[in-house]
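The values are calculated or read from the model by the stated rules, or taken from the named source; none is laboratory data. Predicted, not measured: the structure shown is a model, and the values here were computed from it. A quick note on method: Cβ atoms are made from the backbone with ideal geometry, for glycine too, and the neighbour counts reach across all protein chains shown. We work out accessible area using only protein heavy atoms, side chains counted, and drop any ligands, DNA or RNA first. Shrake-Rupley method; radii C 1.70, N 1.55, O 1.52, S 1.80 Å.
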Amino acid sequence: MSSYSELQAQIAELQKQADAARTTELAAAKAKIAEIMKEHGLTLADLGGVAKAKDAKVRQPVAAQFRNAETGEEWTGRGRAPRWLDGKDKEQFRINV
């Protein structure tokens, strides 16, 4: 049975071999792609390049529509209503803007 340190050494050696194999395969793939592009007269612009990612929408906070005058708590009117509105007419808590 191999010791832990021997297994770690084997893992390190295998990782080096895997990295070398990947480098070789990538170089061969790049050469093949370059050959095909040259054969057909293609450029990177012809391939369309990488699609640009869409800009993320910046979300603006929603203004509060209701306020509890006693505690100052506010509610936007979205989602589940707060407990301080239970059994009460929410219109009496509406913020007049």
With every protein chain present, what is the per residue accessible area of the chain (1.4 Å probe, Å²)?
-> 94 Å²
Can you list the lysines whose alpha carbon is less than 30 Å from that of residue 30, not counting same-chain residues fewer than 8 positions off?
-> 16, 38, 52, 54
Helix 4-40 versus the longest principal axis of the chain: what is the Cα-based angle in degrees, 0 to 90, to the nearest 10?
-> 90 degrees
Work out the charge dipole of the chain with +1 on the Cβ of Lys and Arg and -1 on the Cβ of Asp and Glu about the Cα centre, then indicate which of 21, 43, 81 is farthest towards its positive end.
-> 81
Excluding ligands, DNA and RNA, the carbon-plus-sulfur percentage of the accessible area of the chain with a 1.4 Å probe reads 55 percent
For residue 28 and residue 83, extending 7 Å from Cα along the Cα-Cβ vector and measuring point to point gives, in nm, a value of 6.8 nm
In what sequence, highest mean first, do 53-62, 69-78, 39-48 appear when ranked by Cβ atoms within 10 angstrom?
-> 69-78, 39-48, 53-62
Roughly how many Å is it from the Cα centre of region 53-74 to that of region 1-40, as a whole number?
-> 52 Å
